[in-house]
1. Just need a number here: residues in the stretch 93-142 that are among the hydrophobic types (A, V, I, L, M, F, W, C), more than 15 Å from the chain's Cα centre (by Cα) and closer than 19 Å to Ile3 by Cα.
2. Give the residue that is surrounded by the most Cβ atoms within 10 Å (Cβ to Cβ), with candidates limited to residues of the stretch 11-35 that are within 21 Å of Ala153 (Cβ to Cβ) and of a type outside the set (Val, Ile, Thr).
3. What number goes with the only condition from (1) farther than 30 Å from Lys28 by Cα; (2) aliphatic (A, V, I, L, M); (3) touching a Phe, Trp or Tyr at 6+ places or on another chain (Cβ under 9 Å) that Val194 does not pass?
4. Has the stretch 220-233 got any residue that is touching a Lys or Arg at 6+ places or on another chain (Cβ under 6 Å), surrounded by 13 or more Cβ atoms within 10 Å (Cβ to Cβ) and either assigned to a helix (DSSP H, G or I) or at pLDDT below 95 (or both)?
5. Residue check: is Ala8 part of a loop (DSSP other than H, G, I, E, B) and either in contact (Cβ under 8 Å) with a residue 60 or more places away in the chain or surrounded by 12 or more Cβ atoms within 10 Å (Cβ to Cβ) (or both)?
6. Can you name the residue in the stretch 98-138 that is free of Cβ contacts under 8 Å to residues at least 60 places away in the same chain and not in a loop (DSSP other than H, G, I, E, B) and, of all such residues, is nearest to Ile58 (Cα to Cα)?
7. Going by the conditions given, is Ile76 farther than 21 Å from Arg132 by Cβ, of a type outside the set (Asp, Glu), more than 20 Å from the chain's Cα centre (by Cα) and assigned to a helix (DSSP H, G or I)?
8. Can you tell me how many residues within the stretch 131-183 are among the hydroxyl-bearing types (Ser, Thr, Tyr) and either under 15 Å from Arg115 (Cα atoms) or buried (at least 19 other Cβ atoms within 10 Å of the Cβ) (or both)?
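The values are calculated or read from the model by the stated rules, or taken from the named source; none is laboratory data. The model shown is predicted, which means the values in this text are computed figures rather than measured ones. Every residue, glycine as well, gets a Cβ built from its backbone with ideal geometry; the counts of neighbours run over all protein chains shown.
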Amino acid sequence: MRIIISPAKKMIEDTDSLDYNYLPFFIKDTEVLFRYLKKLAYEELKSIWNCSDKIATINYERIQKMDLYRNLTPAILSFEGIQYQYMAQRVFETKEFEYLEKHLRILSGFYGMLRPFDGVIPYRLEMQAKLRGEKINSLYDFWNQKLADRLFAEADCIVNLASKEYCKCITNYLDNNKRFITCVFGEIIGEKVVEKGTLVKMARGEMVRFMANNQIEDVEDIKKFDGINYKYDESLSNDNTFIFIKNKNQE
C-alpha cells in the first residue's frame, strides 16, 4: 500500500532537525526543469508562478542560488501547509517516520515524486503550471507516465489523499490490476456530498497522522478514521471511493 499526497506551496529549509536519507528518485529530471527555469526572466517566472511580486522575488532569488545537492531538508519537514500542519509530523517518533518512509509518497511538480526523507530544497512549481517552452510546455507531459510507473512498481493498492491537480498524474495511467482508493471528506448539503477546501486539507493531514500512529497495513482499517468529526459512510462509499461525512452535531 502507498499513500499519495500533494505538496504545499510554502516550504522551509531545516537542515538541523533530521538528516535526509536519499536524493529524490527523479533528480536527473529535476535538473532538466531547473536548467529550464534558470534561463527564464523574472517576468516569465512570475507568470508561471502566478503570484505576487513579493513571492516572485523570493522564488526568483532562490532559482539564482539553487543547488539541488546541498543544504537539503527531508521532504516531510520541508513542506508547510494546512495538510502538513494537521499531519503534525514534527511530533512523530521513530516508528511513525519509518511508517511514512515506507508508505507515503509526495507528488511534486519539480521533483516528480518524493519519499518523506528524500532531500529537497525550497522551490515553487505547481503541477498545473503553464511553462510555455518549446520542449517543456506542460508538467503533465513532462512527467508523463513516469510517476505512475514508479508508484505501481512499489504497490498494488494506492490511497489517494492528493488534490485532483496532482493525482491525475497517476489516475491517467490506471489499469485494472491496481486498486486506487480516493478518500472524500465532505458534508451533506441538500442531497449532495460537498467538499470544502480547507476542511479537506485538514482531514487529509489528520488521515496521514491516523495511519502513521496506528501503523495501518490493511486499507480497510482506514474506515475507522474519525478525525475532526468525520466518519466513514458505507452507504455512500464503494470499493474505490471511501466517503467520510462530517458530523456537525459534534462540533
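1. Selection size over the stretch 93-142: 1.
2. Within the stretch 11-35, the first condition is being within 21 Å of Ala153 (Cβ to Cβ), and the residues that meet it are 21-30.
Retained after the next criterion (residues that are of a type outside the set (Val, Ile, Thr)): 21-26, 28-29.
Working: Asn21: 12, Tyr22: 14, Leu23: 16, Pro24: 23, Phe25: 18, Phe26: 21, Lys28: 10, Asp29: 16.
Checked the stretch 11-35; the qualifying residue surrounded by the most Cβ atoms within 10 Å (Cβ to Cβ) is Pro24.
3. Checking Val194 against (1) farther than 30 Å from Lys28 by Cα; (2) aliphatic (A, V, I, L, M); (3) touching a Phe, Trp or Tyr at 6+ places or on another chain (Cβ under 9 Å), the one that fails is (3).
4. Yes, the conditions are met somewhere in the stretch 220-233.
5. In short, yes.
6. By that ranking, first place goes to Ser138.
7. no
8. Filtering the stretch 131-183 down to residues among the hydroxyl-bearing types (Ser, Thr, Tyr) leaves 138, 140, 163, 166, 171, 173, 182.
Subset that is either under 15 Å from Arg115 (Cα atoms) or buried (at least 19 other Cβ atoms within 10 Å of the Cβ) (or both): 163, 166.
So the answer is 2.
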